[in-house]
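What follows is one structure encoded as structure tokens, with my remarks underneath.
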Amino acid sequence: MSILKPRRKTRQVMIGDVAVGGDAPISVQSMTNTKTEDVEATVEQIKGLEKVGCEIVRVAVPGKAAVVALPDIIAQAEIPVVADIHFDYKLGLGAVEAGVHALRINPGNIGARERVETLVGACKEKAIPIRVGVNSGSLEKDILERDGHPTAQGMVESAMRHVELLESVGFGDVILSLKASDVAMTVEANRLMAEKCDLPFHLGITEAGTVLTGSVRSSVGLGVLLAEGIGDTIRVSLAGPVEEEIRVGREILKSLGLRHGGVTVIACPTCGRCQIDVQAIAEEIERKTAHIRKSLVVAVMGCAVNGPGEAREADVGIAGGGEEVLLFAEGETLAATTAVSALAELLARIAGLTQA
């Protein structure tokens with residue numbers, strides 16, 4: 001029995017060749033943390049993100065040097081590039097000319113309506129969508145003065161203002177995000193906003209924290225919304241290596257059955273019966289198989305009690321049982337090996353299954 005509610009019906013928006021909303025798969029994205037004007041470093045980071053399954057990447061465009069770098073970055077990236085623009089609409093115009101696949105803006109900080117109209121007109125001419133980002137930390141002064149502090153209702157009011165502004169100038173190619181560092185506020189804001197429009201949603205918990213705390217908080221917040229059918233693209237914001245954002249994001253979707261593909265490692269938590277270094281082997285498998293897109297379940301079990309039974313349920317696996325480590329594939333015991341050789345044997349079996 002599925003725990004998932006039917007997917008919310010939204011319009012579909014194209015970011016490059018990636019569809020967001022409608023019946024498109026929920027995509028996983030991230031943002032570079034390099035200086036965008038450093039083309040070599042930025043492209044290197046994008047390539048690393050591509051290897052682990054990133055489907056959309058955002059880059060900061062805080063000044064003219066970043067705008068100048070955009071064409072070279074876009075030319076070398078294999079996934080759509082989104083320009084993150086704040087305050088200066090001219091930077092947005094430059095990004096559009098550079099060929100970005102989407103803009104992320106907060107219309108409220110772009111300035112006078114005429115500037116917004118100019119920027120939107122440029123996007124419309126080149127069929128470039130806009131992600132409207134509403135953050136609990138940058139709500140309009142009048143909303144904060146009225147409420148005293150950020151609220152879910154205030155975030156929705158801010159979002160509606162931005163959406164109505166864009167719609168008033170004839171622009172509807174919009175993706176919407178409402179993010180707070182507070183998980184409950186983010187969930188409530190997105191639930192409320194989902195009742196008011198058919199725009200596709202970009203989900204995330206902003207400033208979620210370190211790899212550990214940010215992964216947990218993002219999994220809880222995004223998991224709740226995704227299970228309710230809300231969400232069309234996600235970013236897990238972590239204070240850590242950007243590749244971890246993609247790994248966590250993809251695991252969230254896979255755990256809910258919303259995306260498939262890639263290697264899923266199941267590993268026992270270890271106990272006094274453990275005969276092999278489960279953690280080291282499991283982490284090495286995850287690292288060396290991050291590029292694989294074929295669906296595969298790999299089991300790393302540390303003892304002979306539950307290990308063999310669980311490993312047999314996986315596509316391939318090992319179970320430690322003393323001096324010998326048993327190797328399993330597709331429900332059958334293949335061979336016995338040693339703890340020293342177990343990792344190499346397992347990686348070889350994985351390669352054989354994924355290259356077939």
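The values are calculated or read from the model by the stated rules, or taken from the named source; none is laboratory data. The shown structure was predicted, so the numbers you read here are calculated from the model rather than taken from an experiment. When we count neighbours, we look across all protein chains shown, and the Cβ atoms used for this are built from the backbone with ideal geometry, even at glycine. We work out accessible area using only protein heavy atoms, side chains counted, and drop any ligands, DNA or RNA first. Shrake-Rupley method; radii C 1.70, N 1.55, O 1.52, S 1.80 Å.
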Number of the condition not met by residue 95 [criteria: (1) of a type outside the set (Val, Ile, Thr); (2) in contact (Cβ under 8 Å) with a residue 60 or more places away in the chain; (3) surrounded by 18 or more Cβ atoms within 10 Å (Cβ to Cβ); (4) not in a loop (DSSP other than H, G, I, E, B)]: (2)
Please report, ordered by residue number, the strands (runs of 3 or more DSSP E) entirely within region 246-337 with at least 3 residues that are in contact with a Phe, Trp or Tyr (Cβ under 6 Å, 6 or more places away or on another chain), under 21 Å from residue 234 (Cα atoms) and modelled with pLDDT under 90. none
Which of the residues belonging to region 112-128 are of a type in the set (Asp, Glu) and open to solvent by 80 Å² or more (accessible area, probe 1.4 Å)? 114, 125
Condition (residue is closer than 29 Å to residue 294 by Cα, buried (at least 21 other Cβ atoms within 10 Å of the Cβ) and either without any contact (Cβ under 8 Å) to a residue 24 or more places away in the chain or touching a Lys or Arg at 6+ places or on another chain (Cβ under 7 Å) (or both)) applied to region 8-26: is it met by at least one residue? yes
Just one of (1) open to solvent by less than 10 Å² (accessible area, probe 1.4 Å); (2) on the phi < 0 side of the Ramachandran plot trips up residue 55, so point out which. (1)
Flag if residue 154 is of a type outside the set (Asp, Glu), over 27 Å from residue 253 (Cβ atoms), touching a residue at least 12 places away in the same chain (Cβ under 8 Å) and buried (at least 20 other Cβ atoms within 10 Å of the Cβ): yes
Here are the criteria: (1) out of contact with any Phe, Trp or Tyr (no Cβ under 7 Å at 6 or more places or on another chain); (2) over 26 Å from residue 54 (Cα atoms); (3) at pLDDT 80 or above; (4) surrounded by 14 or more Cβ atoms within 10 Å (Cβ to Cβ). Tell me which single one residue 341 does not satisfy. (4)
Which residue out of 180, 194 is small (Gly, Ala, Ser), in contact with a strand residue (DSSP E or B) (Cβ under 8 Å, 6 or more places away or on another chain), crowded, with 17+ Cβ neighbours inside 10 Å and within 28 Å of residue 239 (Cα to Cα)? 180
